[in-house]
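J.: The following block contains the structure, expressed as structure tokens.
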Amino acid sequence: MNPTPSDPTVQPVPAAVTAQVDAADSTLSNPRRAVIALGANLGNRLETLQGAIDALEDTPGVRVKAVSPVYETEPWGVDPASQPSYFNAVIVVKTTLPPASLLERAHAVEEAFHRVRDERWGARTIDVDIISYADVVSDDPVLTLPHPRAHQRAFVLAPWHDVDPEAQLPGAGPVADLLTSVGREGIAPRGDLELRLPE
């Protein structure tokens, strides 16, 4: 699909960045590896997760390389009975976008699926979080890398481990060890559901 200004799912990449990455788009010359977590607990959760994956794949300078199995998880930070359960997944991308531009794209995908930020830990149609970007470690409050709470979240660690058993969370260690430490309480694999890797 070719991006058009009228398409809300492809709005977020500024023109200057698009011009910079378009030439590298077909080959992704010198791409960086990023891990992105997806979650949804409102509306058609599986359809929304797939839509977010497809929208990221449609971004100039981004290619989705791996998609995890789907997990159903209890809401984080609130009484589980107060919200619907989440569907969660992790994707691995290769990208020529710098972290700030990838974050802009993530936020634009959320907006395209009507993400509302009324309250902390509130229910949402979609959550698109950058978990890690290459080996970058940054305490920038706009985009802290790696994600400051990823090491505590089984709903991130379990699907990430599924797609990359040897993965390392920069500054925290092997994802396999972190998952063992956190445990799998509150998450359940949904083998009956599947997200597809974009063609």
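All of the numbers you see were taken from the coordinates with simple rules; none came from a lab. All values reported here derive from a predicted model rather than from experimental measurement. Positions of Cβ are generated from backbone atoms using ideal geometry, with glycine treated the same way; all protein chains shown enter the neighbour counts.
J.: Select from F155, A172, A123 the residue farthest towards the positive end of the dipole of region 21-189; place +1 on Cβ of Lys and Arg, -1 on Cβ of Asp and Glu, and compute about the Cα centre.
T.: A172
J.: Suppose every Lys and Arg Cβ carries +1 and every Asp and Glu Cβ carries -1, with no other charges. What dipole size does region 21-189 come out with about its Cα centre, to the nearest 20 debye?
T.: Dipole size: approximately 140 debye.
J.: Next question, about the same structure. Which of the peptides 91-101, 68-78 is most tightly packed, and how do the rest follow, going by the mean number of other Cβ atoms within 10 Å of each residue?
T.: Highest-to-lowest ranking by the protection proxy: 91-101, 68-78.
J.: Tell me the relative contact order for region 21-189 as a rounded percent, counting alpha carbon contacts under 8 Å between residues six or more apart.
T.: Reported relative contact order: 27 percent.
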